[in-house]
Amino acid sequence: SSGIKRRVRGLVPRDPCQVTINGIEIVEFEPPSFQLHIHSVGRVYTTSLVNDLGEILDSAAHLTHLCRVSQGDFGFREALHYYDWNEATVQNNLYLPSNDPELNKPTQ
């Protein structure tokens with residue numbers, strides 16, 4: 001990736017890194033704007049990906065909106081809506097490994 005990282009003294013190229021992208025879908029295309037759904041594994045610098053797309057297309061490109069819909073095994077279905085944020089619901093929805101019966105089985 002030839003993505004750019006801003007530093008106090010100017011623009012510095014970011015070191016290339018290997019990423020895994022399982023799929024990219026164009027869900028909306030109204031030039032000059034478009035919307036992508038990106039299914040990736042691990043760490044992906046989305047702003048660098050958008051910059052790379054601009055370079056490949058010999059054009060300018062920038063990210064105007066980013067929405068992460070899942071992280072690991074957790075997605076919107078597991079999310080706690082902000083209007084449900086109170087001490088009781090947060091405590092009831094915390095995943096603590098020490099409370100996981102599968103992790104606390106006696107070892108043979």
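FYI, it's all coordinate maths here, none of it is from the lab. The structure presented is a predicted model; accordingly, all values stated were derived computationally and were not measured.
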The stretch 24-69 - percent relative contact order, Cα under 8 Å, separation 6 or more = 22 percent
key: Distant-in-sequence amide H partners of Ser40 (H built 1.01 Å from N, under 5 Å)   = Asn22
